[in-house]
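As structure tokens, the structure follows; a few thoughts come after it.
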Amino acid sequence: MHEASEKPAVVLLSGGLDSATVLAIARAAGHKVHALSFRYGQRHAFELEAAALVARRHGAAEHLVANLALDLFGGSALTDPELAVPHGRSDAQMSAGVPITYVPARNTIFLAHALALAEVRGATDIFIGVNAIDYSGYPDCRPEYIAAFERVGQLATRAGIEGGALRIHAPLQHMSKADIIRAGLALGVDYGVTHSCYDPAPDGAACGSCDACQLRLKGFAEVGVPDPARYVRA
């Protein structure tokens, strides 16, 4: 498809497995992708290097990194050095309540920025890699939340009141991690450049035992292919 005929879309790109898959889905749907990542004081900021690689390797027309200061508020093991990232939790523990790795209002803040970028780029489609199965404890990953924010976007923007039909796409919302990996592999996603770990080593190697690593490793095991990510050696 010639670039001039591609419909613009904003894709929230963390650099992880899910967002890389979503970028590939948006590209396969014929969108010109404006990828948006965030440096928000996260301890796993290595993911931004992965996001840049994913954006280049998978055809994003643009990749922007917005600077936020969510570490100013704390309240999450991802932004507060006084809080520890959990390791070695069981499936039951991971599914019980809202985890300490939840960053307060993060998806609302990210989607608000995506909404602004979409208006400027003339896009009516925003893609986000939330999942309501593997991370059902995150309140801002639920289908009703995505639907509500889509309505906010239609009410709060010039494009919305002038008749633009804003859509927030969450194509992974009801997929297992294994199904997400299968979909990405079918689209040619290079998972070797993605980064999912919440508590990586200084060189970016994944810990292998935080919730994100465990879910990723389980997904690849269910698919029956090795995870190409780099892990800390035992």
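Listed conditions (1) surrounded by fewer than 22 Cβ atoms within 10 Å (Cβ to Cβ); (2) in contact with a strand residue (DSSP E or B) (Cβ under 8 Å, 6 or more places away or on another chain); (3) not β-branched (V, I, T) are all met by G153, apart from (1). Name every residue in the stretch 27-52 that is of a type in the set (A, V, I, L, M), over 13 Å from the mean Cα position of the chain (by Cα) and closer than 16 Å to L117 by Cβ, in order of residue number. If the condition is that a residue be of a type in the set (A, V, I, L, M), over 13 Å from the mean Cα position of the chain (by Cα) and closer than 16 Å to L117 by Cβ, then V33 is the only one that fits. Of the residues making up the stretch 129-149, none is charged (D, E, K, R), over 21 Å from T21 (Cα atoms), part of a helix (DSSP H, G or I) and in contact with a Ser or Thr (Cβ under 8 Å, 6 or more places away or on another chain). Considered as a group, the residues in the stretch 180-234 that are under 19 Å from the mean Cα position of the chain (by Cα) and of a type in the set (S, T, Y) include one that is surrounded by the fewest Cβ atoms within 10 Å (Cβ to Cβ), and that residue is Y191. Of the residues I128, I180, I168, I146, the single one that is within 26 Å of C207 (Cβ to Cβ), modelled with pLDDT of 95 or more, in contact with a strand residue (DSSP E or B) (Cβ under 7 Å, 6 or more places away or on another chain) and not hydroxyl-bearing (S, T, Y) is I128. Only one of the numbered conditions (1) closer than 30 Å to V120 by Cβ; (2) among the small types (G, A, S); (3) surrounded by fewer than 18 Cβ atoms within 10 Å (Cβ to Cβ) is violated by G160, and that is (3). When the stretch 116-139 is limited to residues that are without any contact (Cβ under 8 Å) to a residue 60 or more places away in the chain and under 17 Å from V65 (Cβ atoms), the one that is surrounded by the most Cβ atoms within 10 Å (Cβ to Cβ) turns out to be A116. Candidates in the stretch 42-95 are the residues that are over 20 Å from R121 (Cα atoms), acidic (D, E) and out of contact with any Pro (no Cβ under 9 Å at 6 or more places or on another chain); of these, the one that is surrounded by the fewest Cβ atoms within 10 Å (Cβ to Cβ) is E82.
Residue pairs whose Cβ atoms lie under 6 Å apart, sitting 6 or more positions apart in sequence or on different chains, and linking a residue in the stretch 140-169 that is within 21 Å of A26 (Cβ to Cβ) to a partner that is of a type in the set (S, T, N, Q) and part of a helix (DSSP H, G or I), are D140/N107; G160/Q154; L166/Q154.
Within the stretch 178-190, does at least one residue satisfy the condition of being assigned to a loop (DSSP other than H, G, I, E, B), in contact with a helix residue (DSSP H, G or I) (Cβ under 9 Å, 6 or more places away or on another chain) and over 25 Å from G59 (Cα atoms)?
Within the stretch 178-190, not a single residue is assigned to a loop (DSSP other than H, G, I, E, B), in contact with a helix residue (DSSP H, G or I) (Cβ under 9 Å, 6 or more places away or on another chain) and over 25 Å from G59 (Cα atoms).
When the stretch 191-211 is filtered for residues that are assigned to a helix (DSSP H, G or I) and modelled with pLDDT of 95 or more, the ones remaining, listed by number, are Y191, G192, V193.
The values are calculated or read from the model by the stated rules, or taken from the named source; none is laboratory data. From a predicted model like this one, the values you see are computed outputs, not experimental measurements. Every residue, glycine as well, gets a Cβ built from its backbone with ideal geometry; the counts of neighbours run over all protein chains shown.
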